[in-house]
Amino acid sequence: MSEIVDIKELNERIQRESAFVDLISIEMNKVIIGQKHLVESLLIGLLSDGHILLEGLPGLAKTLAITTLAKTTHAGFSRIQFTPDLLPADVVGTMIYSPKKEEFTVKKGPIFNNFVLADEINRAPAKVQSALLEAMQEKQVTIGDQTFKLQQPFLVLATQNPIEQEGTYPLPEAQVDRFMLKTIIHYPKKEEELMIVRENLSKNFPEPNAILKTEDILKARDVVKDVYMDEKIEKYIVDIVFATRYPAEYGLPHLKDMISFGGSPRASINLSKAAKAYAFIKRRGYVIPEDVRAMCHDVLRHRIGLTYQAEAENMTSEDIINEILNTIEVP
Amino acid sequence: MIRQKQYNIFLILVLLFGVSAQQLKAQVTVSVKMDTVRLLIGDQTKLRMEAVFPASALVGFPIFADTIIKNLEIVNIANPDTVKENGNLKVTQEYTVTSFDAGTYEVPPMNFTVGFPKSGRLDTLLSVPVYFIVMTMPLDTVTRNAIADIKKPIEAPLTMAEVWPYVGYGLAVLVILFLAYFLYMKFARKKPIFEKREIPKEPAHIIALRSLDALNEEKVWQRGELKEYYSRLTEVVRRYIEDRFQIPAMESTSDDIIDAFRSGGLLTNELKNDLFDTLVRADFVKFAKATTLADENEESMKFAYNFVLKTKPVEILREEDEIEKGD
């Protein structure tokens, strides 16, 4: 690292600029009870310009979480319910012929919004999935002969149901890789559920306040990029990702037969971005190993392919990540 | 008269030679015997042909291939056995025989050829005939008409020759199983078959103190290499924690290490706080390019020594050792 970084100044700047994170968290916590990890993942996706694949059972406040985030940030929101008969045009938009004007006009689809909830993404066929995933990657959509840039910030929150796999179209590995994070959400705790019930039965369901504008998010993204990441941390990240590809070289020969493919370079990039964003929401101007470890599961769990042997031995990608984290020396 | 004399002389000679041949022949005895005279149908018994004769004579035994007589089949032919007995030779030829037809049989007299090489005489001796009965299974005469179960074949006694193949198969199966296990461990599991015994290491505190001494002597922070200094200092402390407390400190973050000590009562509060301060300070230097004062660097080193010395295992001296020391 040859660039000269004034960490003290950077730290102070980040302390200042990240103040809104606490405010967003407060507003979201007014509406979303529990699911701290989900809220954190949304913020990380938002701050590091990544998309999130959410896996959880129905009724765990996935839609509520993203609508609340949209409300707190003055951003546009749309929800697409993925079904087997959905067409790419239903997502991105289409050309409609106007008999009055005697010409084709563009009808933009729901993707032209800041926050898009792709509900049950695996229920639509591959062509619809790829239309969405292409837009996610390119951040632009072509309808007819016109190309339209998508609004910024642009965050896709796709959901998958871990049960009811019948009649679904599982996302191919190459497309899953485009999601920065795959977050797994679980049931709330007993006392949290009690509060959820009470809040839903009360006459005044809490409404979040708008804290910041979309421009503030774009500004915050620039600050996140400035978060200092030491060379040791970079090496630590690369070691973790390499261990998913060549476990034997990292003292984990028994994982060799369990992994069919490991994390791509996109995994290293996204782990670095997510670690920086995590340091930012923890209001730090530099990344520490704790940040990397905190983001490791969400960034890597959908990027590790398991072999039949691993499935036969009931080994999950979570187990593999845990073993890797418990083996690679922390800098 | 002369003719009568000549005839008498010839008769005397013939009688003389005849007597001497008869004497020699009398020294040769042959016999054919069976182990039993009542043989159960299908059962096996031995038929022995025996000849006792002087060493100067030669005896030729009758030769059989498949049967001795009709209905007396040969199962096995043993090698002839020769024994010296009172200056004579005794040759025994043994046949294992069986019969599958009930009835009374006679093994007729058998021809044994006797030769006297010195005189060039050749003669034949006949054995005594042998009689035997082949019986069917005895019928139950009391309940003659009663319906009875089919009897199982009589089991022959188990011989080692029958057992050895099974022992061999068993051993072969064991060898194959061991080889399969060996190959599985070697290639599938990639685990060593015979794991090496670990050589006992030096005590953790000895290694840690030596490393701290080396770091101190190298005057790393004095040269301005703060990051290097704190990296090595925390590595020594973390390795010591791993070896001394079996906490995987090398693979844990500073927070994880503090958490591990927080849950157990392994450290005093003072040591816990100092450890936390030192690890956080080191993290600042390592990951946030922080610069520390000389006092802080010395304080960190002092803490590292203090931490190792206060947590090293205490040696408990036996009473005899103390007495020896006192002497």
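So here's what we get for this one:
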read-out: Filter result for A:GLU9 (more than 28 Å from B:ALA288 (Cα to Cα) and not assigned by TED's automatic domain parsing to the domain that holds A:ALA158); value: no
read-out: The range A:214-243, residues that are more than 30 Å from A:ASN113 (Cα to Cα), within 14 Å of chain B (Cβ to nearest Cβ) and touching a residue at least 40 places away in the same chain (Cβ under 8 Å); value: A:TYR228, A:MET229, A:ASP230, A:GLU231, A:LYS232, A:ILE233, A:LYS235, A:TYR236, A:ILE237, A:ASP239, A:ILE240, A:ALA243
read-out: Matching residues, the range B:219-248, being of a type in the set (Ser, Thr, Tyr) and surrounded by fewer than 19 Cβ atoms within 10 Å (Cβ to Cβ); value: B:SER231
read-out: Single residue of the range A:244-278 satisfying the filter (closer than 30 Å to A:SER18 by Cβ and of a type in the set (S, T, N, Q)) that is nearest to the other protein chains (Cβ to nearest Cβ); value: A:SER272
read-out: Yes/no for B:SER231 being within 14 Å of another protein chain (Cβ to nearest Cβ), out of contact with any Gly (no Cβ under 6 Å at 6 or more places or on another chain), within 18 Å of B:LEU215 (Cβ to Cβ) and of a type in the set (S, T, N, Q); value: yes
read-out: Failed item in (1) modelled with pLDDT of 85 or more; (2) not in a loop (DSSP other than H, G, I, E, B), with A:GLY50 passing the rest; value: (2)
read-out: Selected residue (criterion: surrounded by the fewest Cβ atoms within 10 Å (Cβ to Cβ)) from residues of the range B:265-291 that are within 26 Å of A:VAL227 (Cβ to Cβ) and more than 11 Å from chain A (Cβ to nearest Cβ); value: B:ASP277
read-out: Contacts under 7 angstrom Cβ, first residue in the range B:67-81 being farther than 13 Å from B:THR98 by Cβ, partner acidic (Asp, Glu) and surrounded by 12 or more Cβ atoms within 10 Å (Cβ to Cβ), 6 or more apart; value: B:ALA78/B:GLU94
read-out: All positions within the range A:213-247 that are surrounded by fewer than 20 Cβ atoms within 10 Å (Cβ to Cβ) and touching a Leu at 6+ places or on another chain (Cβ under 8 Å); value: A:ARG221, A:ASP226
read-out: Unmet criterion (only one of (1) touching a residue at least 60 places away in the same chain (Cβ under 8 Å); (2) in a helix (DSSP H, G or I); (3) within 11 Å of chain B (Cβ to nearest Cβ)) for A:PRO331; value: (2)
read-out: Looking only at the range A:27-37, and only at residues there that are in a helix (DSSP H, G or I) and over 11 Å from A:LEU69 (Cα atoms), the one that is modelled with the highest pLDDT; value: A:HIS37
read-out: Members of the range B:249-264 found to be in a loop (DSSP other than H, G, I, E, B) and either surrounded by fewer than 17 Cβ atoms within 10 Å (Cβ to Cβ) or over 53 Å from the mean Cα position of the chain (by Cα) (or both), listed by number; value: B:THR253, B:GLY264
read-out: Condition check for A:HIS51: surrounded by 15 or more Cβ atoms within 10 Å (Cβ to Cβ) and out of contact with any Lys or Arg (no Cβ under 6 Å at 6 or more places or on another chain); value: yes
read-out: Cβ pairs under 8 Å, 6+ apart, first in the range B:271-300 and more than 15 Å from B:ARG232 (Cβ to Cβ), second charged (D, E, K, R) and exposed (fewer than 14 other Cβ atoms within 10 Å of the Cβ); value: B:LEU271/B:LYS310; B:LYS272/B:ARG262
read-out: Qualifying residues in the range A:311-322 (those that are closer than 15 Å to A:SER260 by Cα and within 14 Å of another protein chain (Cβ to nearest Cβ)) - the one nearest to the chain's Cα centre (by Cα); value: A:ILE321
read-out: So A:LEU54, is it more than 14 Å from chain B (Cβ to nearest Cβ), under 23 Å from A:LEU117 (Cα atoms), aliphatic (A, V, I, L, M) and in contact with a helix residue (DSSP H, G or I) (Cβ under 6 Å, 6 or more places away or on another chain); value: yes
read-out: Within the range A:279-304, tally of residues that are more than 9 Å from every other protein chain (Cβ to nearest Cβ) and either hydroxyl-bearing (Ser, Thr, Tyr) or under 16 Å from A:GLU9 (Cα atoms) (or both); value: 3
read-out: Test result for A:LYS139, under 16 Å from the mean Cα position of the chain (by Cα) and without any contact (Cβ under 8 Å) to a residue 24 or more places away in the chain; value: yes
read-out: Checklist (1) exposed (fewer than 14 other Cβ atoms within 10 Å of the Cβ); (2) farther than 19 Å from A:THR72 by Cβ applied to A:PHE205, failing item; value: (2)
read-out: Filter pass, B:LEU139 being modelled with pLDDT under 90, within 50 Å of the chain's Cα centre (by Cα) and not β-branched (Val, Ile, Thr); value: yes
read-out: Subset of the range A:292-310 [in a helix (DSSP H, G or I) and touching a helix residue (DSSP H, G or I) at 6+ places or on another chain (Cβ under 7 Å)]; value: A:VAL292, A:ARG293, A:ALA294, A:MET295, A:CYS296, A:HIS297, A:ASP298, A:VAL299, A:LEU300
read-out: Unique match (being farther than 16 Å from A:GLN152 by Cα, under 23 Å from the mean Cα position of the chain (by Cα), in the same structural domain as A:PRO208 (by TED's automatic domain parsing) and among the aromatic types (Phe, Trp, Tyr)) among A:PHE82, A:PHE104, A:PHE112; value: A:PHE82
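For every residue, the table says whether it meets (1) exposed (fewer than 14 other Cβ atoms within 10 Å of the Cβ); (2) farther than 12 Å from B:THR29 by Cα; (3) at pLDDT below 90.
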site	(1), (2), (3)
B:LYS46	no, yes, no
B:PRO54	yes, no, yes
B:ILE68	no, yes, no
B:ASN71	no, yes, yes
B:VAL75	yes, yes, no
B:THR82	yes, yes, no
B:GLY87	yes, yes, yes
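The values are calculated or read from the model by the stated rules, or taken from the named source; none is laboratory data. The structure displayed is predicted, hence computed values, not measured ones. Note that each Cβ is placed from the backbone with ideal geometry, even for glycine, and that neighbours are counted across all protein chains shown.
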